[in-house]
Amino acid sequence: MESADTPTLRFGIIGSAAGIAALHLNALAQLPGASIAGMADIAAERGAARAAEFGCPFFTDHRAMLDAVRPDVAVICTPHPHHAALAIDSLEAGAHVLVEKPIAVSVGEADAMVAAADRAGRILAVNFQQRFRPVIERARALVESGELGDLVRVLCVEPWFRTQFYYNSADWRGTWKGEGGGVLMNQGPHPLDLLCHLAGPPAKVWGWVKVRGHQMECEDSAQAMLEYPNGAPGYLHFSTVEAGLDRRMEIVGDRAALELVEDRLTIHRFSPSLSDYRATAQEMWGRPGDQVETVHLPGDGGGHLAVYRDLVAAIAEGRRPRCDGREATMSLELANAVIYSGVTGQPATLPLDRAAYHGLLEDLKAGKRTV
Ligand SMILES: NC(=O)c1ccc[n+]([C@@H]2O[C@H](COP(=O)([O-])OP(=O)(O)OC[C@H]3O[C@@H](n4cnc5c(N)ncnc54)[C@H](O)[C@@H]3O)[C@@H](O)[C@H]2O)c1
């Protein structure tokens, strides 16, 4: 409900004819104090039709929209290779930015976006709405409380089935020029973000990327062996080939382990800790006590609307949003590292060599290398 204290914010939508823009517009319609000040899309006809629906001015050039409308917040809904340039233009025009996931296609671009936000003194938020799922909030609270103890092992296996029809539906899908990657750049960003949100980024990555079930340039299957800064191992696998099994994440700590399967969270609390029991038990086959609690926390926590509410509060309070540019760079860097390692056959160390990854991506776009 609006009150005298409700901040009024004017939003400019870039890529306003995008499929995903409908969810943004729906969220904004429910956000107190929000108005749509203008829209921009290079698709003149579809973009103008949507702007007419919302009674706001429309532009085929985002810079013209930024100049004419001076929005408080620019929302970027274009395919990912445009995210960096559009976000930097918007920040330089004085707007806060909410950009769709992934933040960009290469980690060097994400660095430039973060630097532009810092220079402009504006917020760069990234639309990782899954961070607001109740089950993720509960897992994150457990991690933040320190209850898990030192990291012991991580696993993330998520099938995100897609048809060939899906890849044929837009010419940018599944191409190096159009997306900068396949499953790792389109479906993978959500689980990669949650993995980094809960376990932090790994230090070393041995990646594998292949096309297994579609006609497309980029990987539809990706896996990686991970090593975390404390030496803990991890494994991830994403594909658009496989359906059926649930999405699964496991984060094992020395004092407690989390098992996340869709919206179900199982917490194992060890007593004593794994390390204490290993070192002190006077029997060969024993195990530490394992108190198990399972909670079912369904729902998306508000989806896009939750992201907007958090962003409005961050602007009002001068704080960081739940997922800002730096946070979102973690999952992009991990995706880039899996591709880099998978294509070169060498392990990748984080921080990833920005120039080396840029060179590899240019080779992939030019067809000089393939997966
Ligand atoms: N958060 C989520 O869960 C979620 C879900 C779906 C898509 N997305 C992200 O949203 C983005 C868009 O995906 P989509 O499937 O909606 O795309 P889409 O193909 O439906 O639409 C993209 C739109 O961007 C426009 N566009 C391209 N370049 C532009 C430019 N320079 N200036 C202005 N407009 C431009 C196109 O004309 C088109 O209207 C992607 O980055 C995708 O990863 C996020």
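What follows draws every value from the coordinates through simple rules; no lab data is involved. On a predicted model such as this, the values are computed, not experimentally measured, just so you know. Don't worry about glycine lacking a Cβ; one is built from the backbone with ideal geometry, like all the others, and counts go over all protein chains shown.
Brief remarks on what is shown
- The stretch 206-338: C-alpha gyration tensor shape, a/c 1.5 cut-off, then a/b vs b/c: oblate
- Helix 354-365 and the long axis of the chain differ in direction by around 70°, with both axes built from C-alpha atoms.
- In this structure, the amide hydrogen of ALA74, modeled 1.01 Å from its nitrogen in the peptide plane, lies closer than 5 angstrom to those of GLY12, HIS96, VAL97, LEU98, counting only residues at least 5 positions away or on a different chain.
- For GLU219, the amide hydrogen comes within under 5 Å of the amide hydrogens of GLY182, VAL183, counting only partners 5 or more places away or on other chains and with H modelled in the peptide plane.
- The lysines whose alpha-carbon is closer than 17 Å to the alpha-carbon of LYS365, local same-chain residues fewer than 8 away aside, are LYS177, LYS210.
- On Cα atoms only, tilt of 83-92 relative to the major axis of the chain in degrees: 60
- Comparing ILE339, ILE267, ILE14 in a Gaussian network model of the chain where C-alpha atoms under 10 Å apart are linked, the largest mean-square fluctuation is found at ILE267.
- Under a Gaussian network description of the chain, with springs only between Cα atoms under 10 Å, the residue in LEU274, LEU151, LEU311 that fluctuates furthest is LEU274.
- Amide H to amide H distances under 5 Å link GLY253 with VAL152, LEU258, where only residues 5 or more positions off or on other chains count and H is placed in the peptide plane.
- Candidate aspartates and glutamates for bridging to LYS204, where Cα separation is under 16 Å - those fewer than 8 sequence places away on the same chain excluded: GLU227, GLU333, ASP353
- The phi torsions of the stretch 33-40, fed into the Karplus equation with coefficients 6.51, -1.76 and 1.60 and a -60° offset, translate into couplings of x, 8, 9, 8, 8, x, 9, 9 Hz, rounded to whole numbers, with Gly and Pro shown as x.
- Extension gain from ALA52 to ARG320, taking 0.36 nm per residue of separation minus the Cα-Cα distance: 93.1 nm
- Among beta bridges identified by DSSP and lying wholly in the stretch 58-156, the antiparallel ones come to about 0 percent.
- Look at PHE161, PHE238 and count the other Cβ atoms within 10 Å of each Cβ; fewest to most, that gives PHE161, PHE238.
- Looking at the stretch 142-195, the GluC sites (Glu not before Pro) that sit in a DSSP loop and have at most 14 other Cβ atoms within 10 Å of their own Cβ are GLU147.
- Extension gain from THR349 to VAL292, taking 0.36 nm per residue of separation minus the Cα-Cα distance: 17.0 nm
- Relative contact order [Cα under 8 Å, 6+ residues apart], the chain, whole percent: 18
- Angle between the chain longest axis and helix 44-54 axis [Cα atoms, degrees, rounded to 10]: 90
- Qualifying trypsin sites (Lys or Arg not before Pro) for the stretch 158-196 [loop in DSSP, other Cβ within 10 Å: at most 12]: none
- For the options ARG247, ARG287, ARG354, a Gaussian network treatment of the chain with springs between C-alpha atoms closer than 10 Å singles out ARG287 as fluctuating the most.
- A quarter of the convex hull surface defined by the alpha-carbon atoms of the chain gives 20.2 nm² as the mean projection.
- Projected label points at TYR166 and ASN26, each 7 Å from Cα along the beta carbon direction, are separated by 1.8 nanometres.
- Here the dipole of the stretch 45-157 is about 300 debye; that uses its Cα centre as origin and unit charges on the Cβ of Lys and Arg (positive) and Asp and Glu (negative).
- Fewest-first ranking of SER331, SER221, SER275, using other Cβ atoms within 10 Å as the exposure measure: SER275, SER221, SER331
- Between the stretch 305-325 and the stretch 143-213, the alpha-carbon center distance in angstrom: 24
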